[in-house]
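Please read the structure below before turning to the comments.
The values are calculated or read from the model by the stated rules, or taken from the named source; none is laboratory data. What you see is a predicted model, and the numbers here were worked out from it, not measured in a lab. FYI the Cβ positions are ideal-geometry reconstructions off the backbone, even for glycines, and counts take in every protein chain you see.
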Amino acid sequence: MPWTSADVPDQSGRVALVTGANSGLGLATATVLAQRGATVVLACRNPVRAREAADRIGGRTELLELDLASLASVRAAAEELHRRHDRLDLLVNNAGVMVPPHRRTADGFELQLGTNHLGHFALTGLLLDLLRDVPGSRVVVLSSLAHRIARHGINFADLQYERRYNRVEAYAQSKLANLMFMYALQRRLAGSDARTIALGAHPGYSATELTRYLPKPLQAANRMMLGPVSQPPERGALCPLRAATDPRAMGGHYYGPDGPFEIRGWPVLKAAAAAAHDEAVQERLWTVSEQLTGVAYA
C-alpha cells in the first residue's frame, strides 16, 4: 500500500516550522501538518502571501517573516521564534529558488547557494537548541534530483560563481549542498545527546512556482510536460511529510517518489548520488558554511 497523507500520525501538541510555506510544496506540507493538529509556523518572505496561505490552511497557524537571502532576517526570525516558543518539534527546510539570472543575496552570496543552503544552514543552527531536547524532533532538508547533475560537486574554487555563472550548475550545487548538510548534521546529532534526527527528501517533478525563472524556451517545454509528466504539489509534498512524520523513519533517510526516474509517485526510501556521501567534502562544506554565515554549531 502506498504511503499517503492519511498515514501522517496525529500531530497535536507539536510545533512545526515550514520555510516557504505560502505556496507549492511548502503550502501543501503545512496544510497536512495543520490538519493533523500541529501548530504550524509559516516562515515566509512575503507577509501578504503568508497571510493568504494561513487563511487558506486554517487550524493553528502562525506567521514568521523570513528572508533566507538575508542573514539578518534569518537571525531576526530565529530570535522571534525563541520569544514565542520554548520547543520546536519539526523544522522543514523547504524554501528555495531555482535557476534565476545571476543575483546575489544581501550578504553577497550567489542567490541559489545563499538561499537554498546557507540560509537554511544558519536557520537550523540558530534553532537547534529548541529541537535537540524534544523527543522525536526532526530536521527535514529538501533537495532535488538536480543534485545528481552537479558536475563539479561543490565547486570550492568558485563557490559563488564569480568567474562564470551557469544557473543550472549553481542550482545543482546548492541541492547537493542540501544533502551534504543533512548527512553531516545527522552524523553530529547521532554523536551527541540530542534527541533530534535529520532526514532528506526530494519531490520529483512537481508543478510549483519554482520553475518561474526558467529561460523562455524551457518555459514552453515545461508547460507541455506539466500534465503528463509532473505531479501536483500535494503529491510531491508526501516525500517531506513522510520524512517529517513517519514513525519508522530514521536519521539519514532520504525519501523520493517511487515512479520511473523518481519523477513522480509515492514516497519511498531512495539513495542519493555517491557524491552526497563524501564525508571529507561534507566537512569542508560545513566549515565554509560556518565561516560564511557566522553561525557555529555547538
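A few comments on the model shown:
- The range 102-124: number of residues that are more than 30 Å from Pro257 (Cβ to Cβ) and among the small types (Gly, Ala, Ser): 2
- Residue list for the range 184-199, filter: surrounded by fewer than 24 Cβ atoms within 10 Å (Cβ to Cβ), of a type in the set (A, V, I, L, M, F, W, C) and in a helix (DSSP H, G or I): Ala184, Leu189, Ala190
- Subset of the range 117-137 [in contact with a Lys or Arg (Cβ under 7 Å, 6 or more places away or on another chain) and not small (Gly, Ala, Ser)]: Leu126, Leu130, Arg132, Asp133, Val134, Pro135
- Residue match in the range 279-286 (condition: among the aromatic types (Phe, Trp, Tyr), closer than 21 Å to Thr31 by Cβ, at pLDDT 95 or above and touching a helix residue (DSSP H, G or I) at 6+ places or on another chain (Cβ under 8 Å)): no
- Residue satisfying all of: in the range 11-42; under 14 Å from Asn94 (Cα atoms), in contact with a Gly (Cβ under 6 Å, 6 or more places away or on another chain) and not small (Gly, Ala, Ser); modelled with the lowest pLDDT among these: Leu25
- Any hit, the range 44-62, residues being in contact with a Lys or Arg (Cβ under 8 Å, 6 or more places away or on another chain), crowded, with 16+ Cβ neighbours inside 10 Å and free of Cβ contacts under 8 Å to residues at least 24 places away in the same chain: yes
- Considering residues of the range 206-264 that are among the charged types (D, E, K, R) and at pLDDT below 55 only, the residue farthest from the chain's Cα centre (by Cα): Lys216
- Selection from the range 150-183 of residues that are buried (at least 21 other Cβ atoms within 10 Å of the Cβ), closer than 24 Å to Gly108 by Cβ and not aromatic (Phe, Trp, Tyr): Ala150, Ile154, Ala170, Ala172, Gln173, Ser174, Lys175, Leu176, Ala177, Asn178, Met180
Matching residues to (1) at pLDDT below 95; (2) in a loop (DSSP other than H, G, I, E, B):
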site	(1), (2)
Gly108	no, yes
Gln112	no, no
Thr124	no, no
Asp129	no, no
His152	yes, yes
Ala157	no, no
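- Residue match in the range 20-28 (condition: more than 21 Å from Thr196 (Cα to Cα) and free of Cβ contacts under 8 Å to residues at least 12 places away in the same chain): no
- In this structure, Ala43 does satisfy being assigned to a strand (DSSP E or B) and touching a strand residue (DSSP E or B) at 6+ places or on another chain (Cβ under 9 Å).
- Being crowded, with 16+ Cβ neighbours inside 10 Å, modelled with pLDDT of 95 or more and more than 27 Å from Pro233 (Cα to Cα) is a condition met by at least one residue of the range 134-149.
- Looking across Val92, Val99, Val134, Val74, one residue alone is hydrophobic (A, V, I, L, M, F, W, C), part of a loop (DSSP other than H, G, I, E, B) and touching a helix residue (DSSP H, G or I) at 6+ places or on another chain (Cβ under 7 Å). It is Val99.
- Selection within the range 236-272 - buried (at least 17 other Cβ atoms within 10 Å of the Cβ) and of a type in the set (Gly, Ala, Ser): Gly236, Ala237, Ala243, Ala244, Ala249, Gly251, Gly252, Gly256, Gly265, Ala272
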